[in-house]
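Step one of this worksheet: look at the structure below.
Read-outs: derived from the displayed coordinates by stated rules, not from any lab. Everything quoted here is computed from the prediction, not taken from an experiment. Using ideal geometry, Cβ is built from the backbone for each residue, glycine included, and neighbour counts are taken over all protein chains shown.
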């Protein structure tokens, strides 16, 4: 039996002079990849939702595991992934440490999050399709 697939029209956003569809898959971990996030999962969800809403970013999906976070976010082109991660980590760490001060002892260096992160982009076209389009249209320049 052949499965049917529905091709969904992409969610196109509009700014003052920009039309865009930018989605980031962001992953980051607590310091030392400690399995501590379930202790304050609901708090993190509220914080991330508030930060994203206040920054005009849309959460498409959010999954908090015990030792890492998956965040799928849509944003305006003016927002860089680095800025997004810095803001999400910084605000959440400050608020979580305020509510759970005992965590500072558990995380020795007094940092909630590890220094690194992963970011990937998604869109409606593949890298290969864009390359073919550029090559095919380069003769028109």
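Side notes on the structure shown:
- Going from the residue with the fewest nearby Cβ atoms within 10 Å to the one with the most, 60, 44 rank 60, 44.
- Sorted by Cβ density within 10 Å, fewest first, the residues 74, 17: 17, 74
- Gyration tensor (alpha-carbon) shape descriptor, the range 20-140, a/c threshold 1.5: prolate
- Model label points for residue 62 and residue 17, set 7 angstrom from Cα along the Cα-to-Cβ axis, are 3.3 nm apart.
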